[in-house]
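Report on one structure; see the data block that follows.
Since every read-out is calculated from the coordinates, none of them should be taken as a lab result. The shown structure was predicted, so the numbers you read here are calculated from the model rather than taken from an experiment. Counting neighbours? That spans all protein chains shown, and the Cβs are built from the backbone with ideal geometry, glycine included.
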Amino acid sequence: MSDEQLAAAVSDGWGVEVRSVTYRPVGFGSYHWELDAGRPLFATVDVFHDDAAAGLRRLGRALDTALALHRDAGLEFVVAPLPAGTGASVLPLGDRHSVAVFPLVSGEAGRFGAHREQDAPQVLNLLIRLHAATVDAPRTELALPGRDRLEDALRTLDRVWTGGPYAEPTRALLIRRADRIWSLLAEFDRLVERVRGAAGGWVVTHGEPHPGNVLRGPDGPRLIDWDTVRLAPPERDLWMLGGAGLHAEYARRTGRSVSAAALELYRRWWALADIASYVTELRRPHDISADSTASWTYLNHHLG
């Protein structure tokens, strides 16, 4: 993806004159550029490895929801995309890429991990407001993304993996940890059945409200990275806050009880989804790069 291709796509799609583009190597999973288009903008490019049309539809529904949360529900802390000339929140870019454009917002994001004790109450306030919103949102499935590919990998450990330099080390790691992964999957299924049978209502959730997605600036904290927004149990967000006291405060202020089983489900979901994603990437054709090395490092973090 060249700078010229990106500039042309944004100029055509959003009707702006892009004067300059600067690649910003930030975040994980998407690619980002800062744009000078008479005002500072931020462009995000996503890559679809499998069904690009389905991936674009999923991303479009999520970003449409973010736009509705900001524009219709009045949630000023939602950093939402700017609609293209067609009104779409995201546009295709070639055969397997997409591009979305956002306002460039001043502030500093944290790093993935636990929220600092002094920050968690502010994030709780944002989540309480978000969970009260009534906009249309895609509904989550209580299923593990990439599970079929992970289970296929576990069933083919007796064959050589030839995808790239990390393929055989990944196979060796899974051979050592296969029983543990199968056990985690079985426990995940038991938790799903408990959560599915619970009577609590579902709400609009962000999905990944960790410090890396909280932008702190002069106008207060804002939530970024809305491609994971879904209608789901509130624990999908709450497990990242940690601390029984915050969960009790959420229950007191919202009238919703917090399920220990659902909290544990999403803790397991996060780890297993990461494992499935990294294994899939490292089985595919790849070279040694910053991305593949990061995936290998994080996979060892979960399974080492």
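Annotations
- Helix-only mean residue ellipticity at 222 nm for the chain, each DSSP H run of n ≥ 4 adding -39500 (n - 2.57), per residue, nearest 500: -14500 deg cm²/dmol
- Look at the dipole of the chain built from charges on Cβ: of His32, Ala271, Gly13, the Cα furthest out on the positive end belongs to Ala271.
- Once Cα extents along the principal axes in Å is calculated for the structure shown, the corresponding label among (1) 56, 51, 33; (2) 69, 41, 33; (3) 63, 54, 35 turns out to be (1).
- Exposure proxy order (Cβ contacts within 10 Å, fewest to most) of Asp64, Asp189, Asp95: Asp95, Asp189, Asp64
- Overall form of the stretch 170-299 per C-alpha gyration tensor (a/c, 1.5; a/b vs b/c): oblate
- Efficiency of FRET between Ile175 and Arg139 - r from beta-carbon atoms, R0 45 angstrom, step 0.05: 0.75
- Segment Tyr23-His49, length gained on full extension (0.36 nm per residue, minus Cα span): 7.2 nm
- When the chymotrypsin sites (Phe, Trp or Tyr not before Pro) in the stretch 128-201 are filtered for DSSP coil states and for at most 10 other beta-carbon atoms within 10 Å of their beta-carbon, no site remains.
- 5 angstrom amide H check on Leu231, placed H, neighbours 5+ away: Arg139, Thr140, Thr205
- Once both labels are positioned 7 Å from their Cα atoms along Cα-to-Cβ, the gap between Ser30 and Asp119 label points is 1.9 nm.
- Electrostatic dipole magnitude of the stretch 3-104 [Cβ: Lys, Arg +1; Asp, Glu -1; Cα centre; debye, to 20]: 200 debye
- Percent of Cα-Cα distances greater than 23 Å, calculated over the stretch 1-160: 51 percent
- When each full DSSP H helix of the chain is screened for a Cα extent of at least 24 Å along its own axis and an average Kyte-Doolittle hydropathy of at least -0.5, the helices passing are 52-71, 167-196, 260-283.
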